[in-house]
């Protein structure tokens, strides 16, 4: 932690003591967990504070105390926000150790999780016209150095055309750091800029077109050598709706190096060019959807084709459906749903899934031609219970997971053996199970 971070934490401690007696809202929780193999013990105490300084000013945050058998005791101040809102259309926010925002632009150039610990950020936003700017002290650059960053977004309506402009810049400056596992040190630097322009046009009440263009420039410098990347992207989407028919065509042109280090979940894969389309029909109880994508890489040496169709029939709460995939892999899937019953069958890789719910009880069965079989049972009530068993008859491997949980009036107790497979038939076979006990209390 830097000297600035130590001073800021001390200031929060003093401020917390001053505000405790007059706090508007306070809550907290305590949480503990014991692992028996190998043995470890963890405790976590969280205290949430929310105080209205004036009608326009608010201060909120969390104080967290962590304790474990490996690392001992440590304090953490997180999610602290000082908010100033003079009216309903303007707001100024100073945050410490708090997630950022996930930008609303088409390429998601900023994700809330890319913030540095013990870092400050200052945000100003307003409506009419819509404007947002964020100054970030520590932005976590994926695969690079933590850097100061600045983000802005502005929107404007021009008759039938809605425009949005977004941009972000980060620059670590020159940082003296270790560049390998050996004792090699050097000055490193990473910087980057991105600009995104978006537009929406409503041609009629049922016809619209939107587009997005992005340009980015990234530089990574090490040992006096600068490696530079420039790339562009263009996305165009259309929507044409009628009474029983809709058509949504699109165009993609995403550069090879269009890979922004502050984007967590990429909306579009890089190095792609081509057309996509989605067509649908709604005819009484029948619903038909057809997807057809014709994409390739920028050099035209690889093709990324996708074509599939889904047919559904609905009547009296019952749904029967068939999904046909032609590209990239041929596959046919049949399914049936009625109330809490869900049945699915694949032809290419014979696999059946069955789900049934009766009051507080739920049973899931899954089996595939790979000789893997899964059964899951859940009970929901004052005491929740869950058990999963899987068997691979070809390799004679098995898997077992059991968990029971009690929750009432802010109190929670949980005893588990093993680790959940999150519904994946082929996962966690080689995991060695262990016993775990946890508890929690909220107020």
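Quick look at the values:
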{"quantity": "Qualifying positions in segment 264-285 - at pLDDT 90 or above and either farther than 19 Å from residue 211 by Cα or part of a strand (DSSP E or B) (or both)", "calculated": "272, 273, 274, 275, 276, 277, 278, 279, 280, 281, 282, 285"}
{"quantity": "Strands (runs of 3 or more DSSP E) (entirely within segment 149-246) containing at least 1 residues that are crowded, with 17+ Cβ neighbours inside 10 Å", "calculated": "161-171, 185-202, 207-222, 225-241"}
{"quantity": "Check on residue 70, assigned to a loop (DSSP other than H, G, I, E, B) and modelled with pLDDT under 90", "calculated": "yes"}
{"quantity": "Residue match in segment 416-425 (condition: out of contact with any strand residue (DSSP E or B) (no Cβ under 7 Å at 6 or more places or on another chain) and part of a strand (DSSP E or B))", "calculated": "no"}
{"quantity": "Wholly within segment 303-342, strands (runs of 3 or more DSSP E) carrying at least 2 residues that are in contact with a strand residue (DSSP E or B) (Cβ under 6 Å, 6 or more places away or on another chain) and over 22 Å from residue 292 (Cα atoms)", "calculated": "318-327, 331-338"}
{"quantity": "Residues (loosely packed, with under 15 Cβ neighbours inside 10 Å and in a strand (DSSP E or B)) located in segment 388-401", "calculated": "389, 397, 398, 400"}
{"quantity": "Any hit, segment 93-110, residues being touching a strand residue (DSSP E or B) at 6+ places or on another chain (Cβ under 7 Å), surrounded by fewer than 19 Cβ atoms within 10 Å (Cβ to Cβ), assigned to a strand (DSSP E or B) and touching a residue at least 24 places away in the same chain (Cβ under 8 Å)", "calculated": "yes"}
{"quantity": "Given (1) touching a strand residue (DSSP E or B) at 6+ places or on another chain (Cβ under 7 Å); (2) under 29 Å from residue 143 (Cα atoms), index of the condition residue 278 fails", "calculated": "(2)"}
{"quantity": "The one condition in (1) more than 30 Å from residue 286 (Cβ to Cβ); (2) at pLDDT below 95 that residue 204 fails to fulfil", "calculated": "(1)"}
{"quantity": "Test for residue 40: is it more than 29 Å from the chain's Cα centre (by Cα), part of a strand (DSSP E or B) and surrounded by 13 or more Cβ atoms within 10 Å (Cβ to Cβ)", "calculated": "yes"}
{"quantity": "Residue check for residue 118: buried (at least 16 other Cβ atoms within 10 Å of the Cβ) and outside any strand (DSSP E or B)", "calculated": "yes"}
{"quantity": "Matching residues, segment 149-167, being closer than 19 Å to residue 100 by Cβ and either without any contact (Cβ under 8 Å) to a residue 24 or more places away in the chain or under 20 Å from the mean Cα position of the chain (by Cα) (or both)", "calculated": "150, 151, 152"}
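Conditions (1) loosely packed, with under 14 Cβ neighbours inside 10 Å; (2) modelled with pLDDT under 85, marked per residue:
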position: 302; (1), (2): yes, no
position: 310; (1), (2): no, no
position: 319; (1), (2): no, no
position: 325; (1), (2): no, no
position: 328; (1), (2): yes, no
position: 337; (1), (2): no, no
position: 347; (1), (2): yes, yes
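The values are calculated or read from the model by the stated rules, or taken from the named source; none is laboratory data. Keep in mind that this is a model prediction, so the values were computed, not measured. Because the Cβ atoms are built from the backbone with ideal geometry, glycine has one as well, and the counts that use them run over all protein chains shown.
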